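To start, the structure itself, in C-alpha cells.
What follows draws every value from the coordinates through simple rules; no lab data is involved. The model shown is predicted, which means the values in this text are computed figures rather than measured ones. Cβ: placed from backbone, ideal geometry, glycine included. Neighbour counts: every protein chain shown.
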Amino acid sequence: MWLSSNVRQLALGLAISLLLVQNIGALPKCSANDEECKDRRMHPDFPASKIPLSRAMAGEDTNDYWRNLSKDFIQKKLSSTFNEKRAKNVIMFLGDGMGLTTVAAARNLLGGEEKQLSFNEFPYTGLSKTYSVDKIVPDSACTATAYLCGVKAQEGTIGVNGDVEYGDCEKGQDKEKWVYSIAKWAQDVGKSTGVVTTTRITHASPSGVYAHIAHRDWENDQEVKTACGSDKGIEDIAYQLINGEVGSKLNFVMGGGKKHFIDSRLYANGRRGDGLNLVDQFKNQDGSRNLYVETRDELMSADLKNYDRVFGLYQDDHMLYHLETDETTNQPTLEEMTSKAIEFLSKNDEGYFIFIEGGRIDLAHHQNFARIALDETVEFSKAIAAARELTSEDDTLIVVTADHSHSFSYNGYPKRGNDIFGQTPANPDDRKPYMTLSYANGPSYDRFFDVEKSERVDPTTVITGDRYDRFPAAWPLEDETHGGEDVGVYASGPWSHLFTGVYEQNAIPHMMGYASCLGSGLKMCTRK
C-alpha cells in the first residue's frame, strides 16, 4: 500500500513536471490534502526562456559577486555619519501614486531589475502609513494635508483638520479648523517658497501647499457656487493661490490648469464665472517684479534674477504626459522646471522650501496606462537627480515620497531580461497568456474579458506597444483605484536619518520642520 501510494505521487509529480516543461497550458488540479503538489503549483519550474539574459550582470553566477555587493553596502553604511546640521533648504518630492510596486517596475526602464532610480540611492529610507481619518485607502487631498500640514484629515479635504467632512461648506470656512503647510512655516521665517507639478496647479497635491477647502474639486468659483451657493464667501483654490495668505507669497509656481484662473467670457477655455482674470492679477501684483510664462522657451530664456516671483501655466488642464511630447512641444519637463526653481529660489540667503510633484504617475495608473505611469516615474527620478546635482547634501534636506499606492501588480515569474510590458512564461488554466503587469480594477476590464463568452481575451492581441496601451484589470471600474499599503520615504541631507522606520504620514512635515527649525513643534535649533 505504501509503495503504491508513493508510486502514484511520483507519477503525478512527473506528469506535472512534463506539462510544465512542455508549457501546454492548464495543469491537473491538486487534491485537497496534497500540499507538495500545491507547493509545486505555487512555485513552478517554467521552461527555459528563449529570451537571452541580456540584463544579467557579469559575474552574477558566482558567489563572490553577491558577497562583494553585500560587503560594499555594509561598508557604505559603516562609513556614513549622521548629518545634524540645520537644513537651510528643504525640497520635498511627491510621486503621486508612486507605490513600491511602481518603483520596482520602473527600474526596468533604466535597463534592468538591478538598476536604481535616483532616490533609491538615498542613504535613509522608511515607510509611511497613508490611511486618513475616515478611509483605509486615502485620496491625494487628505494625504497632502498629512505630509504637508502635519495633521491627518478626511478624504477629499485640503488644509483643514479631521473635523471637516468632504464638501462641508460651513465647517470648511471655520479658520479654527484650518491647518497650515510647511510652506507657511518657511515663509514665517523669511525663506522663499515654491510649488511645481505636472498636474493642474490647483489639483489636490499642490493645493496642500497653500489652500484650505472642504472639497478638492472646488478649483474655481463656479464649482463652489454649484456646491454651496454664491453667498458663502468661500474662496476657490485658484483664487487662494493668487490672493490667499500663503499662495500670494509663493515665489515660484508652475504646472497646468490655466482654465481655472480666467473667466469664460475673457478666455475661450476659461471656467470662472466671476469676471476675474487671476493671471492678470498676478502680473499686476508687486509692480513689474512678477514673471508669468506659458511656454518652455519663455521659461528657459528668462533672466530670473530680474524677478521676485515666477508663475508658469503650460496647459489649460494637466500638463502633457512625457510620452505625449516631442521636439515640437513647447512644454518644459519636470527636470527643467525643478532646475529653474532651484536656480531662482537659491537667491535667498535664508534658504527655501519647495514642493515638487510628479503628479501624472497617478493619473496614468487610474487609466491602466502602465507604460505611461512607469515612464512618468523615470521622469520624476530625473528631476530628483537634477536637484541633488544642484544642491549640497551638507545644507539641503531632500525628501522623496508618495501619497498613496495603486492597485497595481508586478507578477508571474518572468525571466530576467523579459520585457516588463510583456507576457509571463507560462499560460494559466485557460491556456491564454497573462501579462507581467496588471491591475486589480479599472477601465480596461472589457478589453480583456469577453462578457458574452465569459472568457478572457488573449492580452497579447490587445497590447501592441502603443503608449496608450491599457493593461489588464480584474474587474470593471471607470477609474482604477488607489492602494492602501505603506509607501516609501527616501531622504538625504541634514537629519535625513530621522526618516527611517515606519511612521504616520503626518510625521513627515514635522521631521522636515525639526531639521530646518520651522513651525511650532520640535526643532533641532532649540533642543535641549
Practice prompt. Please give every one of the aspartates and glutamates within straight-line cross-link reach of Lys71, meaning a C-alpha to C-alpha distance under 19 Å, and leave out same-chain neighbours fewer than 8 residues apart.
Written response: Glu60, Asp61, Glu114, Glu121
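Rank-order 59-69, 250-260, 103-113 by packing density, defined as the average count of other C-beta atoms within 10 Å over each peptide's residues, highest first. Don't jump to the answer; show the numbers that get you there.
Values: 59-69: 11.2, 250-260: 24.8, 103-113: 17.9.
Highest to lowest by the protection proxy: 250-260, 103-113, 59-69.
So what's the net charge close to Met511: Lys and Arg +1, Asp and Glu -1, counting the other residues with Cβ under 14 Å from its Cβ? List each step's numbers first, then the result.
On the way: positive: Arg86, Lys523, Arg527; negative: Glu84, Glu504.
Charge balance near Met511 sits at +1.
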Item to complete: Tabulate in residue order the Karplus-calculated ³J(HN,Hα) for segment 61-73, using 6.51 cos²θ - 1.76 cosθ + 1.60 with θ = phi - 60°, rounded to whole Hz; enter x for Gly and Pro.
Response: 8, 10, 5, 4, 4, 6, 5, 5, 4, 5, 4, 4, 5
Worksheet, complete the sentence: Protection proxy (average C-beta count within 10 Å per residue), highest first, orders 126-137, 187-198, 512-523 as 187-198, 512-523, 126-137
Fill in: Dipole magnitude of segment 364-505, debye to nearest 20 (Cβ charges: Lys/Arg +1, Asp/Glu -1, about Cα centre)
580 debye
Practice prompt. Quickly work out the Ala268-to-Lys175 label distance, labels modelled 7 Å from Cα along the C-beta direction, and quote it in nm with one decimal.
Written response: 4.2 nm
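Please figure out what share of the DSSP beta bridges in the chain is antiparallel and state it in percent, rounded to the nearest 5.
On the way: 20 of 58 bridges.
Antiparallel: roughly 35 percent of the beta bridges in the chain.
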Worksheet entry | Spatially close lysines, pair count over segment 212-348: Cα under 17 Å, gap of eight or more or interchain | 8
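Note down the magnitude of the dipole of the chain about its Cα centre, charges +1 on Lys and Arg C-beta and -1 on Asp and Glu C-beta and zero elsewhere, to the nearest 20 debye.
Values: 57 positive and 77 negative charges, 257 e Å.
For this selection, approximately 1240 debye.
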Worksheet item: What net charge do the residues around Ala383 carry, taking every other residue with its C-beta under 9 Å from that of Ala383, with Lys and Arg at +1 and Asp and Glu at -1?
Response: -2
Worksheet, complete the sentence: Here segment 244-250 yields Karplus 3J(HN,Hα) values (6.51, -1.76, 1.60; θ = phi - 60°; whole Hz; Gly and Pro given as x) of x, 4, 9, x, 5, 10, 5
Response to the item:
Karplus-derived 3J(HN,Hα) from phi for segment 136-148 (6.51 cos²θ - 1.76 cosθ + 1.60, θ = phi - 60°), whole Hz, x at Gly and Pro, runs 5, 9, x, 10, 7, 7, 5, 5, 4, 4, 5, 7, 10
Worksheet item: lysines near Lys135 by alpha-carbon distance under 16 Å, same-chain residues fewer than 8 away left out - which ones?
Response: Lys152
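Return the loop-located chymotrypsin sites (Phe, Trp or Tyr not before Pro) in segment 445-507 (DSSP other than H, G, I, E, B) with at most 15 other Cβ atoms within 10 Å of their own Cβ; answer none if there are none.
Tyr468
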Worksheet entry | For segment 280-396, convex hull of alpha carbons as volume per residue, Å³ | 126 Å³
Worksheet item: In Å and whole numbers, how far do the C-alpha atoms of segment 389-433 stretch along each principal axis, longest first?
Response: 57, 25, 13
Worksheet item: How about the chain: what cysteines have no other cysteine beta carbon under 4.7 Å from their own?
Response: Cys142, Cys149
